[in-house]
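Working notes, beginning with the structure itself.
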Amino acid sequence: MIRNSLMTTLSVRNLITETMNLKKHIKVSDYANRSAIPIRHLQIGFQGREINIEFYRNNEFATIFFATLSVFLTYGEDLVIETARHHRDQLKDPILKQRVTSLIGQEALHSKLHNEFNDAIADQAINYPVKLYRFLGEQFFDHIFLKFPQPLKLSLMAGIEHFTAVLAEYMMEHEEAFYATDDAKTRAMWMWHMLEESEHKDVAYDVYQTLNGNYPLRISGFFLAYFTILGLIPFATLFVPALRKPKAMLTPKFWKDARRGVRLIFSPKDGVFGSTQNKIWDYLRPSFHPNDYDNSAHLAYFEKKLLEEGGALAPYFVKQFIPPVRN
Ligand SMILES: [Fe+2]
Ligand SMILES: [Fe+2]
């Protein structure tokens with residue numbers, strides 16, 4: 001009993017000391033010893049009629065959630081590209097600069113391919129309200145997020161990248177989720193994106209810690225990313241069925257599918273975001289670093305498996321490129 005209360009007092013004291021010595025906890029990765037990040041070009045050629053609306057675990061509602069994420073993430077990626085470009089010039093370390101160039105290249109190609117996918121889901125076959133949601137995304141980013149001062153944008157960029165890293169890790173642990181249907185093109189897009197988000201997960205954080213490192217500002221970026229990814233995107237998803245196929249909402253099948261879809265995303269037991277809340281909130285720990293979660297085994301496994309003959313990316317892979325190290 002006495003021992004337990006002593007341990008609790010000690011851990012509370014540790015947390016307080018950790019929070020008070022924030023500067024001591026500015027961690028960056030040992031990037032000089034990490035492998036260079038390749039930029040992979042893919043050519044997929046999406047067609048609306050080939051896209052399966054039940055792609056994610058045979059569930060329409062969860063698939064619509066990911067379609068909404070696909071529309072909005074292109075704006076998030078554009079913000080990451082703009083912010084990373086702005087801050088790259090202030091970095092002194094040539095290796096970190098090279099990693100930022102890789103981040104920019106990967107995000108530019110994600111944004112391009114997701115835009116092609118988004119064009120395809122506007123097709124009659126899917127009838128996703130792409131035009132309206134693009135308009136809303138553009139307004140939101142142009143008038144709010146892109147107007148932020150650069151230090152806040154840098155912290156938001158690190159926050160967004162934390163969410164994509166957690167999402168990528170969840171997906172790597174649930175590989176079967178990509179194989180529920182035979183929609184090979186959508187699978188290639190999401191698996192390629194998953195691999196690259198995990199590859200560059202420490203870059204934005206390292207840039208933030210190198211150039212700024214302020215803890216309250218880092219947390220502000222986290223909450224903005226949280227509000228967008230787990231507030232606005234699910235909220236926007238709720239309206240898609242009514243805009244897409246309102247009649248289908250009158251059937252019990254729709255509500256059964258929607259209930260299952262909500263569980264697939266938010267269930268604390270095994271939902272994409274529900275079961276990863278611990279990892280998401282770990283970002284608040286002053287000594288947090290993305291590489292506290294070792295992804296090397298997953299990266300090695302997926303890079304080999306996806307790109308080898310017969311792999312999910314192989315039919316669409318065009319070339320890859322590693323940016324040179326420049327001073
Ligand atoms: Fe991305
Ligand atoms: Fe990213």
Given charges at Cβ of Lys, Arg, Asp, Glu: segment 40-108 dipole, positive-most of I104, T74, F55: I104
Using the Kirkwood formula over every pair of different C-alpha atoms, what hydrodynamic radius in Å results for segment 56-321? 19.2
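Would you mind calculating the gained length between I95 and A32 on full extension (0.36 nm times residue separation, minus the Cα-Cα distance), in nm to one decimal?
The I95-A32 span can extend by a further 22.0 nm.
Can you give the calculated 222 nm mean residue ellipticity of the chain, where each DSSP H run of n ≥ 4 adds -39,500 (n - 2.57) and the sum is split over every residue, rounded to the nearest 500 deg cm²/dmol?
Working: 12 runs with 196 residues, N = 327.
So the calculated ellipticity at 222 nm is -20000 deg cm²/dmol.
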Magnitude of the charge dipole, the chain, Cβ model with Lys/Arg +1 and Asp/Glu -1, debye to 20: 760
How large is the charge dipole for segment 104-211, taken about the Cα centre, if only the Cβ atoms of Lys, Arg (+1) and Asp, Glu (-1) carry charge, to the nearest 20 debye? 540
Which lysines have a Cα less than 21 Å from the Cα of K279, not counting those fewer than 8 places away in the same chain? K27, K201, K269
Relative contact order (%) - segment 54-141, alpha-carbon pairs under 8 angstrom, separation at least six: 34
Listed residues I44, A236, P323: farthest to the positive end of the dipole of the chain (Cβ charges): A236
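For N327 and M249 in the same chain, what is the full-extension length gain: residue separation times 0.36 nm, less their Cα-Cα distance, in nm?
Values: separation 78, 0.36 × 78 = 28.08 nm, distance 5.77 nm.
Going from the current span to full extension adds 22.3 nm.
About the Cα centre of segment 204-279, what is the dipole size in debye to 20, counting +1 per Lys and Arg Cβ and -1 per Asp and Glu Cβ, all else neutral?
580
With a 10 Å Cβ neighbour count serving as the proxy for reagent exposure, in which order, fewest first, do W255, W190 appear?
Values: W255 12, W190 21.
Fewest-to-most ranking of W255, W190: W255, W190.
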Net charge contributed by nearby residues that have their C-beta within less than 12 Å of L132 (K/R +1, D/E -1): +2
Using a cut-off of under 19 Å, list every residue of segment 59-85 whose amide N is near the label point 7 Å from the Cα of F140 along the Cα-to-beta-carbon line. 61-83
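Which shape class applies to segment 148-301: rounded if a/c is under 1.5, otherwise prolate when a/b exceeds b/c and oblate if not, where a ≥ b ≥ c are the square roots of the Cα gyration tensor eigenvalues?
Values: a/c = 2.23, a/b = 1.55, b/c = 1.44.
Taking the square roots of the gyration eigenvalues as a ≥ b ≥ c, segment 148-301 is prolate.
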Distance in nm between label sites at Y179 and N278, each 7 Å beyond Cα in the beta-carbon direction? 2.7
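Normalized C-alpha radius of gyration of segment 19-131, against 2.2 N^0.38 Å?
Values: Rg = 18.6 Å, N = 113, 2.2 N^0.38 = 13.3 Å.
Rounded to two decimals, the normalised Rg is 1.40.
All of the numbers you see were taken from the coordinates with simple rules; none came from a lab. Remember, predicted model here, so these are calculated numbers, not experimental data. All Cβ positions, even for glycine, are placed from backbone atoms using ideal geometry, and neighbour counts span all protein chains on display.
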